[in-house]
């Protein structure tokens, strides 16, 4: 939702890597930002209107990004996508960082404008935890934000490290970073950033996508 500079850039980026994209905007002229090569669906309407979302194909969507210029519209649309249509991979662009923390507590991942990039949103929309945020000069060691199965909530971060075979470099919780201790417990909404050997990324992602082993 939203075909401003951010939304148009994100739509083109998703299409370039092979995804089918539908983009919603109230202003039909906004679609000019997509350029002549964009092949996705263009839908004129309000992004939080259920009929508009259905016209865009929300019932078949894997992910939804609300990146219009209005905080209220973005969070409303994100909640409709999550709560009414069951879309798990949702992200909302929020201009007010203070409000972003509140929405994080509602279970809607948010990206404040001052920190916003297409890559940040893509990491939250797609199952691409293996996309590194940092790599050492040799390219062998990386830091990557990786999705963690909800059933890990309540387990110690130390236990996650033992199963994955890497280190948790830091955790983003309610929009703020923290360095975990041996007693830090994984909470709902945490974004976990792992430092590990690049060769272990795919295996680590497979492990974290599943429920934790029984105690």
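The values are calculated or read from the model by the stated rules, or taken from the named source; none is laboratory data. Nothing here was measured: the structure is a model prediction, and the numbers come from that model. Heads up, the Cβs are rebuilt from the backbone with ideal geometry, glycines too, and the neighbour counts pull from every protein chain shown.
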Checklist entry - So which pairs qualify, if the first residue must be in the stretch 130-145 and closer than 22 Å to residue 109 by Cβ, the second must be modelled with pLDDT of 75 or more and not in a strand (DSSP E or B), the Cβ gap must be under 6 Å, and the two must be at least 6 apart or on different chains? => result 130/201; 130/205; 142/198
Checklist entry - Name the residues in the stretch 51-72 that are part of a helix (DSSP H, G or I), modelled with pLDDT under 95 and touching a helix residue (DSSP H, G or I) at 6+ places or on another chain (Cβ under 7 Å), would you? => result 71
Checklist outcome for this item: residue 20 passes all but one of the listed conditions (1) surrounded by fewer than 18 Cβ atoms within 10 Å (Cβ to Cβ); (2) in contact with a helix residue (DSSP H, G or I) (Cβ under 8 Å, 6 or more places away or on another chain); (3) assigned to a loop (DSSP other than H, G, I, E, B); the exception is number (2)
Checklist entry - When residues of the stretch 73-90 are filtered for being closer than 16 Å to residue 23 by Cβ and outside any loop (DSSP other than H, G, I, E, B), how many remain? => result 6
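Residues in the stretch 23-43: is at least one in the same structural domain as residue 88 (by TED's automatic domain parsing), closer than 22 Å to residue 108 by Cα and part of a loop (DSSP other than H, G, I, E, B)?
Taking the stretch 23-43 and keeping what is in the same structural domain as residue 88 (by TED's automatic domain parsing), we get 23-43.
This time we only want the ones that are closer than 22 Å to residue 108 by Cα, so: 23-25.
In the following step, the residues that additionally are part of a loop (DSSP other than H, G, I, E, B) were identified as none.
Scanning the stretch 23-43, I find no residue that is in the same structural domain as residue 88 (by TED's automatic domain parsing), closer than 22 Å to residue 108 by Cα and part of a loop (DSSP other than H, G, I, E, B), so the answer is no.
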